[in-house]
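Asks: Before I ask anything, let me first share the structure, which is written out below as structure tokens.
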Amino acid sequence: MIVQNLSQRQQTKILPQQIQLLNLFHLTNLELEAQIRIELEENPLLEEIKDTDTEESHDETISEFADWEEYVYDDIPDYKTEYANYFSGEVMPEKPITQEVNFRQVLKEQVRLQLDNEVQCLLADYLIDSLNDSGILELSLEQLAEEISFKNKKWIDASELTAVLSIIQQLDPPGVGALNMQQCLLLQMDRIKSPCKTILQAIELIRGHYDSLIHKDMEKIKLALKISHEELKEILNYLGTLHFRPVLKAEASETIKEIIFPDFVIHVEDDKIKVSLTKQRSQTLSINHSWMDHVQNQLGDKDKAGKQYLRNKLLSAEWFVSAIQQRESNMLAIMKAIVNWQKNYFLSGDMMQVKPMILKNIADKTGVDISTVSRITSHKYAATPFGNILLKSLFSEGLKDLSGETISSRVVQKALKNTIEKEDKHSPYTDNELVEKLADNGFKLARRTVAKYRELLQIPAAQVRGIWK
């Protein structure tokens with residue numbers, strides 16, 4: 001028997017235009033410029049308003065030369081200016097600059113020999129570009145999968161990245177692509193074809209008793225591995241010969257610094273902080289209505305396809321301009337909220353003044369979704385009087401010390417790292433001694449909290465640091 005039932009339900013759906021808007025939020029200035037160029041080429045109704053101020057000033061400069069020969073004549077020999085275009089006069093190189101091999105490019109060349117699938121090659125390139133300068137992958141695969149999905153407008157599962165990452169981890173140098181120090185050490189030892197007894201014991205130690213090693217519980221390790229004190233010392237000495245960073249930079253080579261194009265500019269005048277965008281692109285984009293009217297007049301009444309084409313391009317151009325405006329307004333609102341929250345930091349430039357701040361704090365202040373705050377602050381930089389800063393570096397969880405005061409976890413980590421760097425390498429501080437040292441600097445923390453942040457910084461315990469000094 002056929003029965004009809006009427007039901008009512010609510011379902012949330014994301015429109016394609018909403019996904020495109022989220023993609024625009026995620027773009028940096030350079031990526032946005034590339035996207036605008038694509039839209040200008042594909043949509044004849046979208047036009048860019050030229051900035052005539054620069055052209056007029058250039059023409060005025062040229063007109064100041066009364067004589068053409070005076071304008072074109074230059075009595076400075078070419079050999080004096082040929083290389084001056086590449087280096088500033090204050091910082092001229094005193095030695096020949098050697099070309100530094102980019103390990104990411106080498107990895108991409110190696111992975112091309114292992115993969116022939118175009119999609120996997122694309123994922124491999126993204127993973128390699130996401131490695132830090134030491135060759136470690138600090139971001140989670142879930143987060144990277146989400147970023148790739150939004151950029152390519154196609155869902156990528158984290159399991160696909162796992163398969164590609166396992167191939168990258170087999171490339172040279174050994175340990176590259178590791179997710180942490182433990183995996184980095186294991187990847188190096190797994191390359192040894194005929195491991196001796198000490199190496200096998202070292203692999204068992206790192207794989208099964210890494211926490212005990214970090215917490216310097218040597219007695220527990222000796223009982224678990226059934227080894228003597230001398231054997232444990234040999235294992236630790238061997239581990240000390242491994243690299244904690246897969247990529248080691250040559251000291252003699254010149255480091256090519258990455259050029260950062262900030263998305264925000266922050267000025268401080270009389271203890272007042274002003275926030276602005278580096279460039280407002282919405283003011284330079286407009287709809288070419290005159291061209292549309294001209295084409296419509298030439299189209300006949302029966303040319304419905306042509307008129308529909310114009311309507312679609314008009315809607316697309318209007319939406320794109322509106323989306324750029326919405327992106328810029330949200331960026332300014334979020335940046336102003338961040339500046340108000342971290343006012344002491346932006347006035348002083350002292351990282352120790354950073355307050356605990358999470359995405360929800362800024363979302364509540366601005367009235368936007370947390371995902372919007374995340375995408376707008378992702379890979380974005382702000383130019384400040386004390387240099388360019390990555391916005392994501394300002395977000396950190398709050399931590400209450402023993403006195404009840406809330407401080408930023410990043411402040412604690414920075415103070416902990418500075419304290420360990422200044423210690424005597426032959427007699428490193430224990431966690432209890434680190435608690436005392438941090439207390440002298442105004443950070444009253446528990447020992448387990450110090451141990452937790454030391455592990456996050458991938459710093460071994462005192463006994464291990466003493467052996468691996």
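The values are calculated or read from the model by the stated rules, or taken from the named source; none is laboratory data. Just so it is clear, the structure is predicted and the values come from calculations on it, not from any experiment. Ideal geometry is used to build each Cβ from the backbone, glycine not excepted, and the neighbour counts take in all protein chains shown. Note: accessible area is taken over every heavy atom of the protein model, side chains too, but ligands, DNA and RNA are not part of it. Shrake-Rupley method; radii C 1.70, N 1.55, O 1.52, S 1.80 Å.
Asks: Among the residues of region 149-189, which ones are farther than 26 Å from residue 245 by Cα and either assigned to a helix (DSSP H, G or I) or β-branched (Val, Ile, Thr) (or both)?
Replies: Correct list: 149, 150, 151, 152, 156.
Asks: Separate question: Check region 215-231 and report whether any residue there is within 34 Å of the chain's Cα centre (by Cα), modelled with pLDDT under 90 and within 20 Å of residue 454 (Cα to Cα).
Replies: Within region 215-231, one or more residues are within 34 Å of the chain's Cα centre (by Cα), modelled with pLDDT under 90 and within 20 Å of residue 454 (Cα to Cα).
Asks: Another question, if that's okay. Going by what's in this entry, would residue 241 be described as open to solvent by 60 Å² or more (accessible area, probe 1.4 Å) and assigned to a loop (DSSP other than H, G, I, E, B)?
Replies: yes
Asks: Please give the number of the condition residue 157 fails out of (1) more than 30 Å from residue 21 (Cβ to Cβ); (2) open to solvent by less than 70 Å² (accessible area, probe 1.4 Å).
Replies: With (1) more than 30 Å from residue 21 (Cβ to Cβ); (2) open to solvent by less than 70 Å² (accessible area, probe 1.4 Å) applied to residue 157, the lone miss is (1).
Asks: Okay, next question. Out of the residues in region 244-276 that are under 29 Å from residue 188 (Cα atoms) and open to solvent by less than 40 Å² (accessible area, probe 1.4 Å), state the one that is modelled with the lowest pLDDT.
Replies: Filtering region 244-276 for residues that are under 29 Å from residue 188 (Cα atoms) and open to solvent by less than 40 Å² (accessible area, probe 1.4 Å), the one modelled with the lowest pLDDT comes out as 253.
Asks: For region 164-211, how many residues are aliphatic (A, V, I, L, M), under 19 Å from residue 237 (Cβ atoms) and in contact (Cβ under 8 Å) with a residue 12 or more places away in the chain?
Replies: Final tally of qualifying residues: 9.
Asks: Now for a different question. Please specify each residue of region 439-456 satisfying the condition of being within 19 Å of residue 212 (Cβ to Cβ), surrounded by fewer than 19 Cβ atoms within 10 Å (Cβ to Cβ) and either at pLDDT below 80 or touching a Pro at 6+ places or on another chain (Cβ under 9 Å) (or both).
Replies: 455, 456
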